[in-house]
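This report refers to the structure that appears directly beneath it.
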């Protein structure tokens with residue numbers, strides 16, 4: 001990663017950890033599973049940002065989580081979910097699934113298709129406190145909802161209304177740029193993370209391609225121009 005005095009840190013796609021498990025191709029922006037870097041464990045309350053591609057008919061078997069806010073955003077294909085609370089659903093492109101693991105939950109995630117891969121990003125945010133009640137939900141959004149516009153899909157910030165409520169003072173936004181531009185303003189002391197899922201864009205003059213991301217701190221206004229699918233987080237810092 002390259003660091004600039006303006007507190008905009010660029011992580012190129014190739015700088016991420018990459019794991020190829022045959023059925024799964026995964027890229028980790030932060031320490032996760034077999035990848036550990038004590039200097040890259042989180043960005044504020046954002047703890048995990050993984051980009052995954054899963055082969056047709058394959059997936060993650062039943063496994064546990066606790067004390068984490070987990071959101072999965074599907075870029076292409078269909079992702080199927082089952083959990084220990086009896087929830088079952090399929091998330092399509094532009095949709096999210098939300099899992100508040102709380103005191104503990106087990107779930108599985110599989111590629112719903114028998115013919116095509118599924119491409120998604122999974123993100124974990126530390127909750128405001130441990131031991132909360134588990135919860136699951138999913139929402140579908142269409143391309144016009146986010147076309148050349150930041151669409152707020154999830155938030156726990158008191159001043160932001162969102163379709164999905166998360167248990168942290170954080171918010172997630174997505175945008176689909178079609179040769180347009182979008183601007184986002186961060187509050188004082190906030191941590192920002194913007195990921196380019198597809199396409200080619202320019203963020204505050206920095207050119208980025210698919211798989212690249214920027215980490216923002218101490219910058220109030222961020223402007224993105226170009227063409228592609230974007231994911232943005234606005235999160236608090238962690239207590240000292």
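The values are calculated or read from the model by the stated rules, or taken from the named source; none is laboratory data. All of these numbers come straight from a predicted model, not from anything done at the bench. Neighbour counts are summed over all protein chains in view; Cβ atoms, including those assigned to glycine, are modelled from backbone coordinates with ideal geometry.
Do you know which residues across the stretch 19-31 are under 17 Å from the mean Cα position of the chain (by Cα) and farther than 14 Å from residue 121 by Cα? Spell out the reasoning first.
To start, the set of residues in the stretch 19-31 that are under 17 Å from the mean Cα position of the chain (by Cα) comprises 25-31.
Answer for the stretch 19-31, where residues must be under 17 Å from the mean Cα position of the chain (by Cα) and farther than 14 Å from residue 121 by Cα: just 31.
Does the stretch 82-90 include one or more residues that are in contact with a strand residue (DSSP E or B) (Cβ under 9 Å, 6 or more places away or on another chain), closer than 21 Å to residue 132 by Cα and outside any loop (DSSP other than H, G, I, E, B)? Explain how you work it out, then say what you get.
To start, the set of residues in the stretch 82-90 that are in contact with a strand residue (DSSP E or B) (Cβ under 9 Å, 6 or more places away or on another chain) comprises 82-85, 87-90.
From what is left, the residues that are closer than 21 Å to residue 132 by Cα are 82-85, 87.
After this cut, where a residue has to be outside any loop (DSSP other than H, G, I, E, B) as well, the list is 82-83.
Within the stretch 82-90, one or more residues are in contact with a strand residue (DSSP E or B) (Cβ under 9 Å, 6 or more places away or on another chain), closer than 21 Å to residue 132 by Cα and outside any loop (DSSP other than H, G, I, E, B).
Please go through the stretch 67-81 and pick out each residue that is part of a strand (DSSP E or B) and under 11 Å from residue 109 (Cα atoms).
Kept after step one, since they are part of a strand (DSSP E or B), are these residues of the stretch 67-81: 69-76, 79-81.
Listed by number, the residues that qualify are 72, 79, 80, 81.
Please state which one of 114, 133 is at pLDDT below 95, outside any strand (DSSP E or B), more than 29 Å from residue 178 (Cβ to Cβ) and in contact with a strand residue (DSSP E or B) (Cβ under 9 Å, 6 or more places away or on another chain). It is 133.
Among the strands (runs of 3 or more DSSP E) contained in the stretch 187-240, which hold 1 or more residues that are within 14 Å of residue 10 (Cβ to Cβ) and out of contact with any strand residue (DSSP E or B) (no Cβ under 6 Å at 6 or more places or on another chain)? Before the answer, list the steps.
On the way: elements: 191-203, 206-209, 213-217, 221-235.
Where strands (runs of 3 or more DSSP E) fall fully within the stretch 187-240 and carry at least 1 residues being within 14 Å of residue 10 (Cβ to Cβ) and out of contact with any strand residue (DSSP E or B) (no Cβ under 6 Å at 6 or more places or on another chain), they are 206-209.
Scan the stretch 136-145 for residues that are assigned to a loop (DSSP other than H, G, I, E, B) and either surrounded by 15 or more Cβ atoms within 10 Å (Cβ to Cβ) or touching a strand residue (DSSP E or B) at 6+ places or on another chain (Cβ under 9 Å) (or both) and report the count. Give the derivation first.
Start the filter on the stretch 136-145 by keeping residues that are assigned to a loop (DSSP other than H, G, I, E, B), which leaves 141-142.
When the remaining residues are screened for being either surrounded by 15 or more Cβ atoms within 10 Å (Cβ to Cβ) or touching a strand residue (DSSP E or B) at 6+ places or on another chain (Cβ under 9 Å) (or both), the result is 141.
Going through the stretch 136-145 one residue at a time, the tally reaches 1.
On the stretch given as the stretch 157-179, residues that are surrounded by fewer than 22 Cβ atoms within 10 Å (Cβ to Cβ) and free of Cβ contacts under 8 Å to residues at least 60 places away in the same chain total 9. Quick check on this structure: which one of 121, 196, 182 is crowded, with 19+ Cβ neighbours inside 10 Å, over 14 Å from the mean Cα position of the chain (by Cα) and at pLDDT 95 or above? One residue alone meets the criteria, 182.
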